[in-house]
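Worksheet for the structure shown next.
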């Protein structure tokens with residue numbers, strides 16, 4: 001056996017044995033509105049590291065949001081799950097979720113403000129490298145991170161998983177500083193072809209560095225196990241698409257966070 005490999009393993013062993021993923025609740029505010037996010041990190045890492053903002057789907061900050069944040073922490077990132085809706089605002093069903101998400105989709109300025117407040121909380125974390133930040137979002141959250149990018153936020157990249165792709169203010173594409181990765185179900189019935197075309201034109205016209213992956217046989221919400229597997233409903237879990245899209249995100253991060 002290579003002595004260098006043995007030595008490296010012995011050096012890393014204490015870190016591996018004592019590493020612990022921690023998740024803490026963080027309260028912050030938008031004026032008088034209290035927001036309640038989550039920060040996840042590996043407490044064995046004592047130096048600055050890339051950081052990822054996570055934006056929830058239309059159900060608000062849930063166990064799924066926490067799992068995503070902790071999975072990112074296991075990859076060595078600091079993750080902050082932003083709360084767009086507000087503390088205690090957790091829709092009980094799809095109807096309530098649609099109504100809550102609709103408030104923010106109808107007020108993109110407020111949506112951008114809430115996303116940027118989450119970004120500022122992420123930057124406050126002790127070991128977050130403010131020069132290496134990305135944002136990811138799922139469904140409603142995917143729409144949100146695109147609006148964050150359109151606001152001109154100084155971040156390295158955004159990743160949208162089966163998010164809405166409408167482009168209400170195409171001229172704002174010129175504000176995007178981030179690289180953009182779109183992970184999209186090829187059979188998603190909720191994202192109109194016209195919206196996809198307009199979105200791509202917006203990025204092209206603004207000379208944004210973007211890429212878009214289509215996943216065959218996948219509809220909306222393909223990363224969400226809670227969506228079930230009945231594609232006829234328009235939203236369903238698809239294991240290959242979920243796995244491949246997560247890998248695409250990891251590859252994207254490796255590129256944008258490279259020195």
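A short reminder: the numbers here are calculations on the coordinates, not readings from a lab. Being a predicted model, the structure only gives us computed values, none of them experimental. Glycine also receives a Cβ, built like all others from the backbone with ideal geometry; neighbour counts cover every protein chain displayed.
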Output ordering of 169-181, 215-227 (per-residue mean of other Cβ within 10 Å, highest first) is 215-227, 169-181
Label model pair residue 177, residue 21: point-to-point distance (7 angstrom along the Cα→beta-carbon line) in nm is 3.0
Note: the stretch 18-256, point scatterers on Cα, Debye, no solvent; log10 I/I(0) at q = 0.14, 0.16 Å⁻¹ equals -0.86, -1.15
In whole angstrom, the spacing between the Cα centers of the stretch 152-227 and the stretch 228-247 equals 17
Everything considered on the Cα gyration tensor (a ≥ b ≥ c; rounded for a/c under 1.5, else prolate if a/b is larger than b/c, else oblate), the stretch 138-259 must be described as oblate
Counting only DSSP beta bridges fully inside the chain, the antiparallel percentage to nearest 5 is 30
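Would the stretch 25-69 count as rounded, prolate or oblate if I go by the C-alpha gyration tensor, calling it rounded below 1.5 in a/c and otherwise prolate when a/b exceeds b/c, oblate otherwise?
Details: a/c = 2.47, a/b = 1.46, b/c = 1.69.
Cα axes put the stretch 25-69 in the oblate bin.
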